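This report refers to the structure that appears directly beneath it.
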Amino acid sequence: MTRPEVRAALGVDIAPWDFDFRDVYAGVRDRLLRIAGGVPGEHAALPLPGCGHFITEAAIRSFIPPGGRLLIPMTGSYSDRMIRLTREAGREPVAMPITAMETISPDAVAAALEQDQSITHVGLVQSETGSGVVHDADAIGAVVRVHGRRMIVDAVSAFGALPMDMSAHPEIDAAVFTANKCLEALPGIGYAIVRIDRLEQCSGLAGSWSFDLADIYAQVVRSGDGRPRFTPPAQIVNALNTALDFFDLEGGRVARLTRYTANMRTLYDGMIRLGVTPYVRPEHQGPIIVNVRAPADPAWNLQRFVDALKSRGVLISNFYSTPTPGFRVGCIGAISPTDMAGAVAAMDQALNDIGVNNRAGETQ
Ligand SMILES: *Cc1c(COP(=O)(O)O)cnc(C)c1O
């Protein structure tokens, strides 16, 4: 997932409160704001230590009043997680059934919003890791805007590769992501790109000091850009700063998307060649992650497959996030199509190692 230079940045001895660290802390926020197409003074990039669920919860709490209704297109396992985060925060998720194997139709979102005027927000998972399908945040945002509603985007597995232009999307209250997906840094911190005017209007809604984006922003205003609210994961932020150097060197978001798309092509075509069954049809397959159906062979065992692959130098998730059993392979991280071709060859061998002969997926 990461370059050695990024991991080396973890080893730098930094005190989180030290003045020398403040420029890095503030600088990373500025760099992320630029990548998001944010307008300084209009948008802010706000950090929250922790994983993606934390920053998603913070966005839900900070922008939706208790009891408020969030329409969530059911894209897959990560929309399920947003539904649970919403409910447990005391907001009301409105689950919108869709064909999760395809890109959401903006018209369907429009119809749902017209039908239920009590919905204030739409919560969209831009890249659904649980399927591999990428949803059109631009088109759905346009619909949300026309209908006078607000939007929260889970861009966790999208940001840094897929388009996000906050300046063109005033309907987006927050787009959230973490350091460890397409930015190719380490887990430990999430960021929300937010509209400042909306955050000021929404101040006091969160019902949680820890997860209150308005309070994180208030701290910035009070104490200056570089002063963290609570103890930040300083080494993780330092590593992210190094990862952003490589992001720039590569040519930014478009170059990164091009590389990930080439990785995905190599992987997807390789899966077809190996005789396994990708979960998503080629025309709906996004560039971030390929999910594959479990081979129908009785010898199939995910952990054994993962172990066999690992012994060949390739590591994939030892869990699946599709509704039916399978395995998942990320196209993101500090890897090239050549690395991916090596991974495909290793998968071919690993399937043989564990005795899988019938590689095609169970028919659903
Ligand atoms: C990875 C991911 C998250 C966050 O997961 P954490 O384990 O909490 O970091 C959220 N949404 C999507 C789409 C993801 O891929």
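The values are calculated or read from the model by the stated rules, or taken from the named source; none is laboratory data. The shown structure was predicted, so the numbers you read here are calculated from the model rather than taken from an experiment. Cβ: placed from backbone, ideal geometry, glycine included. Neighbour counts: every protein chain shown.
Annotation note: of Ala341, Ala294, the sole residue that is hydrophobic (A, V, I, L, M, F, W, C) and either touching a strand residue (DSSP E or B) at 6+ places or on another chain (Cβ under 8 Å) or closer than 21 Å to Ser79 by Cβ (or both) is Ala294. Every condition in (1) modelled with pLDDT under 95; (2) of a type in the set (Phe, Trp, Tyr); (3) surrounded by 15 or more Cβ atoms within 10 Å (Cβ to Cβ) is met by Phe54 except one, and the failing one is (1). Candidates in region 254-273 are the residues that are within 16 Å of Leu162 (Cα to Cα) and in contact with an Asp or Glu (Cβ under 9 Å, 6 or more places away or on another chain); of these, the one that is surrounded by the most Cβ atoms within 10 Å (Cβ to Cβ) is Asn263.
Restricting attention to region 139-188 and to residues that are under 10 Å from the mean Cα position of the chain (by Cα) and among the hydroxyl-bearing types (Ser, Thr, Tyr), the residue that is nearest to Ala110 (Cα to Cα) turns out to be Ser157. Scanning region 54-106 for residues that are of a type outside the set (A, V, I, L, M, F, W, C), away from the ligand (no atom under 16 Å from the Cβ) and in contact (Cβ under 8 Å) with a residue 24 or more places away in the chain yields Ser62, Pro65, Pro66, Gly67, Gly68, Arg69, Gly90, Arg91, Glu92, Glu102, Pro106. Does Ser62 count as surrounded by 23 or more Cβ atoms within 10 Å (Cβ to Cβ) and either in the same structural domain as Ala161 (by TED's automatic domain parsing) or of a type outside the set (Asp, Glu) (or both)? When the stated conditions are applied, Ser62 passes them.
Among Arg91, Arg87, which is the only one that is of a type in the set (D, E, K, R) and surrounded by 16 or more Cβ atoms within 10 Å (Cβ to Cβ)? Quick ask: steps written out before the conclusion?
Details: Arg87 fails: surrounded by 16 or more Cβ atoms within 10 Å (Cβ to Cβ).
Answer to the selection: Arg91.
Does region 349-364 hold any residues that are of a type outside the set (Val, Ile, Thr) and buried (at least 17 other Cβ atoms within 10 Å of the Cβ), and which are they? Even if it seems obvious, please write down each step before you answer.
Of region 349-364, the ones of a type outside the set (Val, Ile, Thr) are 349-353, 355, 357-362, 364.
Scanning region 349-364 gives Ala350, Leu351, Arg359, Gly361.
Residues of region 264-288 that are under 22 Å from the mean Cα position of the chain (by Cα), more than 18 Å from Thr99 (Cα to Cα) and among the hydrophobic types (A, V, I, L, M, F, W, C): Met264, Leu267, Ile288.
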